[in-house]
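Colleague: Starting off with a structure, shown below.
The values are calculated or read from the model by the stated rules, or taken from the named source; none is laboratory data. Source: prediction; values computed, not measured. Note: ideal-geometry Cβ built from the backbone for every residue, glycine included; neighbour counts use all protein chains shown.
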């Protein structure tokens, strides 16, 4: 069986950038994440909003937020949102540090590359301020940045935290509950809020096409079924990710189909994972099985587990394993910036797993 890797060549994939500019004023003393400082005039916008974009009203889980004019100082909450703002050519004044799966900058490789492209690399005056969310929403740090818009379109933001942030600045709450907002819906809402709806649509089209090309150029991928889940080597637990989670969405975007055993056992659209009895592991029938694990783990580790070895894909070795936290993050916190990176770094193992499954 031949599998094309031409779809992995993404050097020509350029997400729309309205311009690479960022304004900076005097240094901020809020550098919680330590990666860089933003001036008190903060962040930066590129190219300006589309004509007639404001005022605009954005609907979300907690109601509607009206934005009177183009935001100049955007702060973001949770994963994905900062990536989406950057993908639209805007440098936020503040964004969370990446404390799981991040690189040495407590950031990601795809964010670092975009900041450099926009002239706001870490350490420069134009770089965003970062703040830790290890203990919850960093309301005080965000307030210190005097934002004129706070974005939490993809998040698990509670009503209480939404109200707290709304007292600081107009806030875009979650579009869907429990981190189930798709990256497309997140960037669509953010494009709407920033007056860049057309740019957001273009980003979606380009990234979606790049993902779809994998299945289009590799028919065996498009004809394969998958299960995405976690296999706990220390406690023999199995958890399955449902269609509302970012990981299954990644494989579906490649043209694959989620196995019926998962879809038939999904309670509702707001559920993003379901526990599964390890004693029923043999029922988890699919061409490939995706899971993530700690660094140094290998497929053999799961095959040596008497329960997990009953999973058909594990038994034959058609497993997509991300044992690198950065790889895992690229699809678990999927965004317009991370997905092109994942095509380069994760899809090769998908092709290998499909090859093993199909023989």
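Colleague: Where in region 255-359 are there strands (runs of 3 or more DSSP E), lying fully within it, with 3 or more residues that are in contact (Cβ under 8 Å) with a residue 60 or more places away in the chain and surrounded by fewer than 16 Cβ atoms within 10 Å (Cβ to Cβ)? Talk me through it step by step, then tell me what you get.
Modeller: Values: elements: 273-276, 288-292, 319-322.
Filter on region 255-359 gives an empty set.
Colleague: Hey, another quick one. Among the residues in region 174-189, are any in a helix (DSSP H, G or I), modelled with pLDDT of 95 or more, touching a strand residue (DSSP E or B) at 6+ places or on another chain (Cβ under 7 Å) and within 25 Å of residue 161 (Cα to Cα)? Talk me through it step by step, then tell me what you get.
Modeller: Taking region 174-189 and keeping what is in a helix (DSSP H, G or I), we get 183-189.
Remaining after also requiring modelled with pLDDT of 95 or more: 183-189.
Among the residues that remain, those that are also touching a strand residue (DSSP E or B) at 6+ places or on another chain (Cβ under 7 Å) are: 189.
Narrowing further to those that are within 25 Å of residue 161 (Cα to Cα): 189.
Yes, there is a match, as at least one residue in region 174-189 is in a helix (DSSP H, G or I), modelled with pLDDT of 95 or more, touching a strand residue (DSSP E or B) at 6+ places or on another chain (Cβ under 7 Å) and within 25 Å of residue 161 (Cα to Cα).
Colleague: Out of 215, 232, which single residue is touching a strand residue (DSSP E or B) at 6+ places or on another chain (Cβ under 8 Å) and either without any contact (Cβ under 8 Å) to a residue 12 or more places away in the chain or assigned by the TED database to the domain that holds residue 349 (or both)?
Modeller: Values: 215 fails: touching a strand residue (DSSP E or B) at 6+ places or on another chain (Cβ under 8 Å).
Among 215, 232, only 232 is touching a strand residue (DSSP E or B) at 6+ places or on another chain (Cβ under 8 Å) and either without any contact (Cβ under 8 Å) to a residue 12 or more places away in the chain or assigned by the TED database to the domain that holds residue 349 (or both).
Colleague: Looking for something modelled with pLDDT under 95, over 16 Å from the mean Cα position of the chain (by Cα) and part of a loop (DSSP other than H, G, I, E, B) - is there at least one such residue anywhere in region 213-232?
Modeller: yes
Colleague: Okay, moving on. Counting only residues that are without any contact (Cβ under 8 Å) to a residue 60 or more places away in the chain and assigned by the TED database to the domain that holds residue 96, how many does region 182-202 have? Give the steps one after another, and end with the answer.
Modeller: Step one: filter region 182-202 for residues without any contact (Cβ under 8 Å) to a residue 60 or more places away in the chain, giving 184-185, 188, 201.
Filter once more, so that each one left must be assigned by the TED database to the domain that holds residue 96: 184-185, 188.
Number of matching residues: 3.
Colleague: Residues that are over 19 Å from residue 188 (Cβ atoms) and touching a strand residue (DSSP E or B) at 6+ places or on another chain (Cβ under 7 Å): list the strands (runs of 3 or more DSSP E) wholly contained in region 67-159 that include at least 1 such residues.
Modeller: Working: elements: 74-76, 94-96, 129-131, 149-151.
It comes to 74-76, 94-96, 129-131.
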